[in-house]
Amino acid sequence: MRRMPRPHDLGGKDFGPVNQRDHVRSEWDNRVDAVLKLMLDGRRFRVDELRRAIESLTERDYMSFSYYQKWLAAIRILIVEKELLSEEEIGARLDQLRQKVSA
């Protein structure tokens, strides 16, 4: 039985040339990178787990998220899977931050 390809399996698809020029990372990109490094250095999860979590994103999310948005979504998946925080705890903190920003 042949499995359907997942959204990350782009082999053979023509997306045109790859832009290989350096780009400037935003402050947000740097923060996501720092969170990932903390999680990896703390041995909370491994790179292969991050890759699996990225590959588990829905096709819509995988195709629309930026590189660092994929990382952040995968970090959240792993934090919940490993019971470091629950979805409810993450949601409550996000609500607090949104209220603080809008005040």
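Annotations for the structure displayed:
- Subset tally (residues that are under 25 Å from His23 (Cβ atoms), of a type in the set (A, V, I, L, M, F, W, C) and surrounded by 18 or more Cβ atoms within 10 Å (Cβ to Cβ)) for segment 40-71: 5
- Qualifying residue in segment 86-93 (condition: modelled with pLDDT of 95 or more and in a loop (DSSP other than H, G, I, E, B)): yes
- Extreme residue, modelled with the highest pLDDT, among residues of segment 18-39 that are surrounded by 10 or more Cβ atoms within 10 Å (Cβ to Cβ) and part of a loop (DSSP other than H, G, I, E, B): Ser26
The values are calculated or read from the model by the stated rules, or taken from the named source; none is laboratory data. Here the structure is a predicted model, which is why all the values come from computation and not from measurement. Positions of Cβ are backbone-derived with ideal geometry, glycine not excepted, and every protein chain shown enters the neighbour counts.
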